[in-house]
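Starting off with a structure, shown below.
Nothing in this text is a laboratory measurement; each read-out follows from the coordinates by a stated rule. Every value quoted in this text rests on a predicted model; they were computed, and no experiment measured them. No Cβ is skipped: glycine too gets one built from the backbone with ideal geometry, and neighbour counts run over all protein chains shown.
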Ligand SMILES: Cc1ncc(COP(=O)(O)O)c(C=O)c1O
């Protein structure tokens with residue numbers, strides 16, 4: 001599919017074809033270019049490539065044909081002008097924020113963040129003289145009040161990890177832009193199938209490709225998407241010169257992952273919805289949150305900004321950590337882990353894993369109780385999963 005036509009086809013078609021750079025052998029499946037470097041016909045050609053006067057690859061820390069195919073496919077799917085792949089989701093988050101700020105600047109972020117993202121905002125940025133303010137992402141007044149003359153960027157994830165709150169992306173983007181700042185959205189939980197932050201006004205979207213994009217538990221990866229101007233100004237040089245590059249092998253796995261993304265995420269969303277229906281009235285469950293349900297606290301915002309529900313369900317087991325651990329240990333099929341978005345159904349106890357660094361007070365503020373678990377639907381038969389969950393609840 002020529003680059004100029006990348007937005008012509010429907011999303012599912014782009015996931016299969018966009019970005020492909022077919023070699024002289026005419027392969028159907030994208031080639032895996034396991035090469036660090038490239039050779040040139042002449043010294044003049046080499047010099048022209050380095051000067052950027054001739055298009056082409058130079059060195060795999062900068063780019064590689066397999067990685068470029070992944071970036072092209074992601075950009076086409078997201079309808080973004082530009083994309084840059086990174087070694088992990090955290091490399092993408094860190095570069096998208098660090099690339100925009102200098103000592104003396106200020107960042108505002110929702111406090112409902114994945115633990116490592118919160119560490120970057122709260123601990124890492126201040127080490128380099130960049131102040132940060134955490135706000136309740138659901139409270140638009142707090143975003144407005146946090147703005148300072150030196151505020152450069154806002155950062156949020158929605159749905160949030162692990163409580164599945166829905167933050168109003170368009171409204172936060174307006175506040176950011178009124179303040180002369182940008183908005184970066186971590187779209188991992190929504191997936192590119194169900195939510196398009198750039199279309200809602202965000203300036204940059206980041207993914208942990210480790211999750212649904214691979215979707216089969218095989219490799220780490222990340223990606224940063226935005227306008228050509230945003231990527232060139234804030235991200236391009238930082239990635240080239242500091243080197244959190246994606247391996248070509250991982251790019252190849254992720255390209256194959258993208259081909260089936262819509263099938264997997266649709267199925268996982270249906271399964272998560274079925275699990276939420278099966279568990280919501282259970283006497284041992286005190287609270288259940290699922291973004292596709294009409295009783296979700298931000299259902300109206302979800303309806304406006306998401307095209308589907310979620311592959312995740314969060315629920316609280318009566319009896320705190322002891323009961324939650326009894327429940328987890330009684331599961332036979334669903335794996336206990338910190339990960340999500342896999343073909344295999346997975347379950348997480350955030351208070352002792354992804355959010356263990358926070359104080360009990362900070363967790364309470366976020367609604368992460370000791371009884372809370374986060375379920376990530378896989379591709380198994382939904383009835384087997386419901387049976388596993390109900391059986392383990394008997395033991396809780
Ligand atoms: C919301 C969110 N953002 C970013 C990341 C980081 O991704 P990675 O593990 O690929 O570095 C994760 C990982 O769990 C996540 O859940």
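So that you can scan it fast, the table gives a plain yes or no per residue for (1) within 21 Å of the chain's Cα centre (by Cα); (2) without any contact (Cβ under 8 Å) to a residue 12 or more places away in the chain; (3) within 13 Å of the ligand (Cβ to nearest atom):
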{"site": "331", "(1), (2), (3)": "no, no, no"}
{"site": "343", "(1), (2), (3)": "yes, no, no"}
{"site": "349", "(1), (2), (3)": "yes, no, no"}
{"site": "359", "(1), (2), (3)": "no, yes, no"}
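While we're on this one: Spot the failing condition for residue 123; the list is (1) surrounded by fewer than 17 Cβ atoms within 10 Å (Cβ to Cβ); (2) within 16 Å of the ligand (Cβ to nearest atom); (3) over 30 Å from residue 352 (Cα atoms), and only one is missed.
Among (1) surrounded by fewer than 17 Cβ atoms within 10 Å (Cβ to Cβ); (2) within 16 Å of the ligand (Cβ to nearest atom); (3) over 30 Å from residue 352 (Cα atoms), residue 123 violates only (3).
Let me ask something else about it. Which residue, of 163, 153, is in contact with a helix residue (DSSP H, G or I) (Cβ under 7 Å, 6 or more places away or on another chain) and closer than 22 Å to residue 84 by Cα?
153
Residue by residue through the stretch 268-296, note down the ones that are buried (at least 17 other Cβ atoms within 10 Å of the Cβ) and out of contact with any helix residue (DSSP H, G or I) (no Cβ under 7 Å at 6 or more places or on another chain).
268, 269, 272, 273, 276, 289
Right, next: For the stretch 297-334, give me the residue count where each residue is under 26 Å from residue 396 (Cα atoms) and surrounded by 15 or more Cβ atoms within 10 Å (Cβ to Cβ).
Count: 21.
Say whether the condition of being out of contact with any helix residue (DSSP H, G or I) (no Cβ under 7 Å at 6 or more places or on another chain), assigned to a loop (DSSP other than H, G, I, E, B) and within 16 Å of the ligand (Cβ to nearest atom) is met by at least one residue in the stretch 49-68.
No.
Has the stretch 51-73 got at least one residue that is surrounded by fewer than 15 Cβ atoms within 10 Å (Cβ to Cβ) and closer than 30 Å to residue 131 by Cβ?
For the stretch 51-73, residues surrounded by fewer than 15 Cβ atoms within 10 Å (Cβ to Cβ) and closer than 30 Å to residue 131 by Cβ: absent.
Which condition number does residue 80 fail, the rest of (1) more than 10 Å from the ligand (Cβ to nearest atom); (2) not in a loop (DSSP other than H, G, I, E, B) being met?
Here residue 80 clears every test but (2).
If you don't mind, another one. Name the pairs: first residue in the stretch 138-166 and more than 17 Å from residue 184 (Cβ to Cβ) and without any contact (Cβ under 8 Å) to a residue 40 or more places away in the chain, second residue within 12 Å of the ligand (Cβ to nearest atom) and assigned to a strand (DSSP E or B), Cβ to Cβ under 6 Å, at least 6 apart or on different chains?
Final answer for the pair search is none.
Turning to a different aspect of this structure: Just checking: which of the helices (runs of 4 or more DSSP H) contained wholly in the stretch 144-263 hold 2 or more residues that are away from the ligand (no atom under 16 Å from the Cβ), under 14 Å from the mean Cα position of the chain (by Cα) and closer than 21 Å to residue 121 by Cα?
none
Right, another one. Would you pick out the residues in the stretch 83-106 that are within 16 Å of the ligand (Cβ to nearest atom), outside any strand (DSSP E or B) and more than 13 Å from residue 233 (Cα to Cα)?
Across the stretch 83-106, the qualifying residues are 87, 88, 89, 90, 91, 92, 93, 94.
I've got another one for you. Before we move on, is residue 193 surrounded by fewer than 24 Cβ atoms within 10 Å (Cβ to Cβ) and within 23 Å of residue 295 (Cα to Cα)?
Criteria met by residue 193.
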